[in-house]
Amino acid sequence: MFECERHILSNGLRVVAVPVAHAPTISVIVFVRGGSRVDSKEKMGLAHFMEHIFFKGGKKYKTSLDIAHAVEECGGVNNAATGKEEISFYVKHGVSAGNLGFDVLEDMLCHSRFPEEEIEREKNVVLEELRRDLDNPPQLLFKSMFERVFFPNHPLGYPIIGNEETIWSISRNDLLRYQTAYYRPNNMVISVAGNIRGDAIFNEAERRFGSMVPAEISRWAPFDRHQSPGERICLVPRREKEQAGIVLASPAPGYGNEDEYALYVLLALLGGGQSSRLWQDVRETRGLAYGIGTSNVFYQEAGYTITMWGTRNSAIAKSIEVVLAEYKKIREKYIEDGELAFVKKFLIGRREVRFEESDEVAEEYGENELLLGRAVSFEEFKEKINMVTKEDIKRAASAYLGPDDLKIGLVAQERYCKNEMLNDLLMRA
């Protein structure tokens, strides 16, 4: 679908260019490998807070308003995101804006001033973001499961945003140390997609970011699931909760594993869309939920499969039984050829639809370069999806959706948060 061009600058910064013929936009994304996984327990939220501070102005665009005005004057959009293992900053604009994305991101990332007064003011902004998340039951449940179930006593389990105490503790020196440690060219990727030429992008990247100085990057703490198995049941009581939120999860390997594409197909079959087995059974046939979906989370050494839905409090046990029955069915019976072909077309088609937008193309190719060390083309994705067999599906289901490894999280009114009920359901899975 797209030809990806790759170039490494003189300082080790990797640049990915994906020309999209006749696209009306250009998207520039800068990725930094790090994220909340390298935060200390005492400074949880540092990586995320630093993402905010980069928007407070640099040499050319001296304030957050200057940055917003430059981007929005041409109808563009910009934002940033902090994950467990990466931070990203992006600008998307029309072709007529030329190299605006490079101009803004260079000023933000290479000339940020970290003004003390902005740091203190932004702490209140981030605390409001934290309060918003704590008032969101699904977010609260996921936060609890990362801390207690998925990655206990490990930085992968720390909340990306931190907590009130750690946010208040962040200093300007903390930000400068983090920048020195991780915002290095040999720890970064620039991904550009849209109406572009690869050679022009590589020249612009060298001009804008070529003076950055590389350095040795500290390795993050490894994760061993056997040493940190985590709780099997996670209960989050909420007095005012009218609807229960449920997450059924199971351990999976990290990204780039040999079963990655079998898992894509397996999870799409279960809960990838409105035609999926769980959607049809849980929602359409039984009316137990408004929506239900299955997905996967991959990190370097480990991941999780996740099925999530909401239901009335009186239907908690019944809905879990239905989901577990679908898990059992797919473990024990081979998928029909027609259903397998349908799910493959669904995944490939969804990838085509996603790639309609230049920012989605830049994100996909850049993130793969950052995490895997290479870009995964649409053609490779399509080929590997089509190689998945019904035997692969059954094997992956047995390996990653087995009853012994299942974990469950529930956010509901306190009287419905019963450990015994959930444990009994898991024992009968």
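Among the criteria (1) assigned to a helix (DSSP H, G or I); (2) outside the structural domain of residue 350 (by TED's automatic domain parsing), the one residue 263 does not fulfil is (2). When the helices (runs of 4 or more DSSP H) confined to the stretch 321-429 are screened for residues that are of a type outside the set (D, E, K, R), modelled with pLDDT of 95 or more and closer than 30 Å to residue 233 by Cβ, those reaching at least 2 such residues are found at 390-400.
If only residues of the stretch 195-253 that are surrounded by fewer than 15 Cβ atoms within 10 Å (Cβ to Cβ) and of a type in the set (Ser, Thr, Tyr) are counted, the one that is nearest to residue 85 (Cα to Cα) is 218. Check whether at least one residue in the stretch 81-97 is closer than 25 Å to residue 22 by Cβ, more than 26 Å from the chain's Cα centre (by Cα), in the same structural domain as residue 25 (by TED's automatic domain parsing) and hydroxyl-bearing (Ser, Thr, Tyr), and report yes or no. Yes, because at least one residue in the stretch 81-97 is closer than 25 Å to residue 22 by Cβ, more than 26 Å from the chain's Cα centre (by Cα), in the same structural domain as residue 25 (by TED's automatic domain parsing) and hydroxyl-bearing (Ser, Thr, Tyr).
From the list 102, 151, the lone residue that is buried (at least 20 other Cβ atoms within 10 Å of the Cβ), assigned by TED's automatic domain parsing to the domain that holds residue 74 and modelled with pLDDT under 95 is 151.
Only residues that are closer than 28 Å to residue 185 by Cα and of a type in the set (Asp, Glu): list them for the stretch 109-135, please. Listed by number, the residues that qualify are 116, 118, 122.
Once the stretch 154-173 is narrowed to residues that are surrounded by 19 or more Cβ atoms within 10 Å (Cβ to Cβ) and more than 21 Å from the chain's Cα centre (by Cα), the residue that is nearest to residue 131 (Cα to Cα) is 167. Look at residue 287 and say whether it is at positive phi and at pLDDT below 95. For residue 287, the condition - at positive phi and at pLDDT below 95 - is not met. Does the stretch 107-128 contain at least one residue that is part of a helix (DSSP H, G or I), within 23 Å of the chain's Cα centre (by Cα) and among the charged types (D, E, K, R)? Looking for residues that are part of a helix (DSSP H, G or I), within 23 Å of the chain's Cα centre (by Cα) and among the charged types (D, E, K, R), one finds at least one in the stretch 107-128, hence yes. The set of residues in the stretch 191-243 that are among the charged types (D, E, K, R) and at pLDDT 90 or above comprises 197, 199, 204, 206, 207, 208, 216, 231, 232. Scanning the stretch 189-219 for residues that are touching a Phe, Trp or Tyr at 6+ places or on another chain (Cβ under 8 Å) and in a helix (DSSP H, G or I) yields a count of 3. Taking each residue of the stretch 247-258 that is outside the structural domain of residue 150 (by TED's automatic domain parsing) and looking for partners that are among the basic types (Lys, Arg) and crowded, with 20+ Cβ neighbours inside 10 Å with beta-carbon atoms closer than 6 Å, six or more apart or interchain, yields 249/407.
Tell me, which residue of the stretch 115-146 that is in contact with a helix residue (DSSP H, G or I) (Cβ under 7 Å, 6 or more places away or on another chain) and either more than 16 Å from residue 164 (Cα to Cα) or hydroxyl-bearing (Ser, Thr, Tyr) (or both) is surrounded by the fewest Cβ atoms within 10 Å (Cβ to Cβ)? Ranking the candidates gives 116 first.
The values are calculated or read from the model by the stated rules, or taken from the named source; none is laboratory data. Only a predicted model underlies this, so the values are computations on that prediction, with no experimental measurement involved. With ideal geometry, Cβ positions are generated from the backbone for all residues, glycine too; neighbour counts draw on all protein chains shown.
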